[in-house]
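Taking it in order: structure first as structure tokens, then the write-up.
The values are calculated or read from the model by the stated rules, or taken from the named source; none is laboratory data. Only a predicted model underlies this, so the values are computations on that prediction, with no experimental measurement involved. Glycine also receives a Cβ, built like all others from the backbone with ideal geometry; neighbour counts cover every protein chain displayed. With ligands, DNA and RNA removed, areas are computed over all heavy atoms of the protein, side chains included. Shrake-Rupley method; radii C 1.70, N 1.55, O 1.52, S 1.80 Å.
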Amino acid sequence: MTPPDQPHGRRRELAREWMKAVYSTTYIPMSSAEIELFLLDLVDVIADALRAEPFTAKPVAVVGDRMVAAHFTGMETLQRTVEVLGRALLFTPELRGVDRLAEKVVAVLGALGARFATAMRLDAFRQQEEIKSALLQAKQGVERVLRVSEARFREVFDSSVMGIAITEPDGTVVEANEAMNAILGSERSLIGRSLPRHFHPDDAEVLTASYRSVREGVVDRFREQRRLVRIDGEPAWVYLAVSVLRDADGEPAFHVTMVEDVSELHLMQKNLDSLLLRDPLTGLSNRQHFVTQLETVHSRSEHGITLYHLDLDSFSLINNGLGHDTGDRLLKQTASRLRAVVADQDAFVARIGGDEFAVVVDNSPTTPGVPTMIDKINDELAEPTFVDDRGIAVTATIGVLDRPSPEWTVGQLLRAANMTLTLAKAKGKRQWLPYDPHEDARQRAAARVTAALPGAFENGELEVDFHPVVGLADRTVVGVSARLRWGSLGHRQCLAMADETGLSLPVGQWMLRYAAERVVLWREATGVTPLPLHVALSPMQSRDEDLVGAVKRTLDETGLPVGDLRISLHTRAVLIGGSDDNVQVLTDSGIPTGLNDFHGGQDELALLTELPIHSLTIAPATVRALADRTARNPLAHNAMASLVAVVRQAGVSVTAAGVTTDAEADWWAGIGTDAAQGDFYTASRTTGPLAALFQDRP
């Protein structure tokens, strides 16, 4: 037997749940086993449509046809079908990986419901033609045929689940079946009453004209979805199918009105529309509805809009620490409080992501300024919510787009607000920033370049240059440093973009392998005494769990000796954690390991006593700062001199990165720094075989 967690087994379980839900809603001339097999075929159609790419709900339409054809036509059959499928499809393991599953399920259920209603109407229309034929035969046939026809008419008339009323041309009811009484909520016969009295006021004029057009022969019949008013005054949504019965002379004698109550289907459609437009947890507009509202408000605003894009700070801590139920409660509370903040404004609130919200204000002369609104939002959110006697509150980081140009599209508004939020989050928690067009232009330019990096890497546009590591004691080259380059972009920029695009690990492994191969080939060609190869890693590369394995594979496959490689991990990555093992194992493997981007903080210095660090490289930013301040800031100068002395006493060598002049190099040499990298030592200073390694430098 197929295990229930397998796709076929799970589909059979769903078919069985569906069968149990609809079995009592209508009479179906099949056994329960036959019904289950029938519904299993329909489940296969639905599941296959959800998994198909590209997605379309059209194949599911046949499900509605087959349900009606098999007499799944009870008053509650469709409602229970939607309830069972809507709940089960979202949590079926087979469909767990389907992209945008909730949206597709809504589309599939909508298609099923619409086709079901259409099939029901077509079935009703077929019944109408049968009834009309019976009526004509009853009026015009011979006495024997008349008795048979009248009996047939009466059977269809009385047993039909659709309401049927035969009325005089003025609308007076002369015949009405029980189904018609039920639809209009009447406990007594409708005979003698006026059917037009039950037309909804908003539809009365249109329906009166439609009846007249049938009576006058302009059209043979009409079919429309309209509202009737029940005896208790409540509206009922119905499909009306109206035709005319003529006498022997061809004159209009009666109207035949057939009515299908579609109130539940109409309500279901409204609920489906709500699912498409509303966030089910908070009741706010979802992202799709938000985009539509934003476009409308922005286009008609007289004084401009203000868009506040909020992201709740560290919300994952609440979900992970206190549970998702608590997180959901806080999300609903946040939605309620944001609505309260703008209750007196022409504004709306939307939930546009997991813990992201948007507030759009249509400004007027009395609208509070942005700082005031920010304070109101923060004050409201800071009010604690008590869960299990613990007060819990959230804070938000906010990007603000105030009165953008009316010419901006919705896409431009959303992009600008998101960029501003990203910059605000970089400042810390509970921060806010207004939109800055200059920063936006810079960010967009940087984003365009970063987005192109994967293509450049794939096309072989990234290059590896070799820069000299120069001993400051005698200005001789003591090592070669592998540096990435992409056009005019240098090593640090390339590494930062690789980290941002997720290419850091493949780029780092390629750089290490390429550099090792080049150095080995150069040594074989020149016979020069080996110089160590220095490779500085980015934060993500430093945390790579397979770093040691990748390094060992590179050494084995290129032939570079273990002792001739110097790996430098990013200092901040080691501090945060996740790189300690890499430092220890690389050192144990005989590879001298150091720290790059070192700034000299107390926490950084502590690493020198906790880990087997061989060397450290002072960050270029620190080197530049000291170069600018040497003459006027003796405190920084003396502090660095003391730092270098302490580090060297600990047996750790020191390299200064980004040294640009001989004067700077002399200063670093004077305080005991072992080596330096930078433009102060150009390739032109290197002669002999060693120069060939640096000749491709830009």
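Results, tabulated for the structure shown:
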read-out	value
Residues of the chain: accessible area per residue with a 1.4 Å probe, Å²	49 Å²
The chain: DSSP helices with Cα axial extent of at least 27 Å and average Kyte-Doolittle hydropathy no lower than 1.0	32-51
Computed [θ] at 222 nm, helices only, for the chain once each DSSP H run of length n ≥ 4 contributes -39500 (n - 2.57)	-16500 deg cm²/dmol
Tensor-based shape of the stretch 343-465 (alpha-carbon gyration tensor, a/c under 1.5 rounded, otherwise prolate or oblate)	oblate
Shape call, the stretch 1-114: gyration tensor on alpha carbons, a/c limit 1.5	oblate
Mean Cα-pair separation over length for the chain, i.e. relative contact order, pairs under 8 Å, 6 or more apart, %	6 percent
Sorted peptide list for 558-569, 422-433, criterion being average Cβ within 10 angstrom, highest first	558-569, 422-433
Peptides ranked, highest mean first, by Cβ atoms within 10 Å: ranges 283-292, 218-227	283-292, 218-227
Total lysine pairs under 20 Å (Cα atoms) in the chain, excluding pairs fewer than 8 apart on one chain	5
Listed values [x] 26.6; [y] 32.9; [z] 30.6, entry calculated as Kirkwood radius over Cα pairs in Å	[y]
Share of carbon and sulfur in the accessible heavy-atom surface of the chain [1.4 Å probe, %]	52 percent
For the stretch 350-358, 3J(HN,Hα) per residue [Karplus equation, 6.51 cos²θ - 1.76 cosθ + 1.60, θ = phi - 60°, Hz, x = Gly/Pro]	9, 9, 10, x, x, 10, 10, 10, 9
Near-label residues of the stretch 53-78 by backbone N, under 20 Å of a point 7 Å along Cα→Cβ of residue 99	53-59
Long-range amide H partners of residue 657 with built H, under 5 Å	618, 677
Formal net charge of residues neighbouring residue 548 (Cβ-Cβ distance under 11 Å; K, R +1; D, E -1)	-3
Under Karplus coefficients 6.51, -1.76 and 1.60, residue-wise ³J(HN,Hα) of the stretch 252-257 in Hz, glycine/proline x	x, 10, 9, 9, 10, 10
Pairs of alpha carbons in the stretch 566-647 whose separation is greater than 15 Å (percent)	58 percent
Considering only the chain, percent of DSSP beta bridges that pair antiparallel, nearest 5	70 percent
Net lengthening on full extension, residue 426/residue 246 (0.36 nm per residue, minus Cα-Cα)	56.8 nm
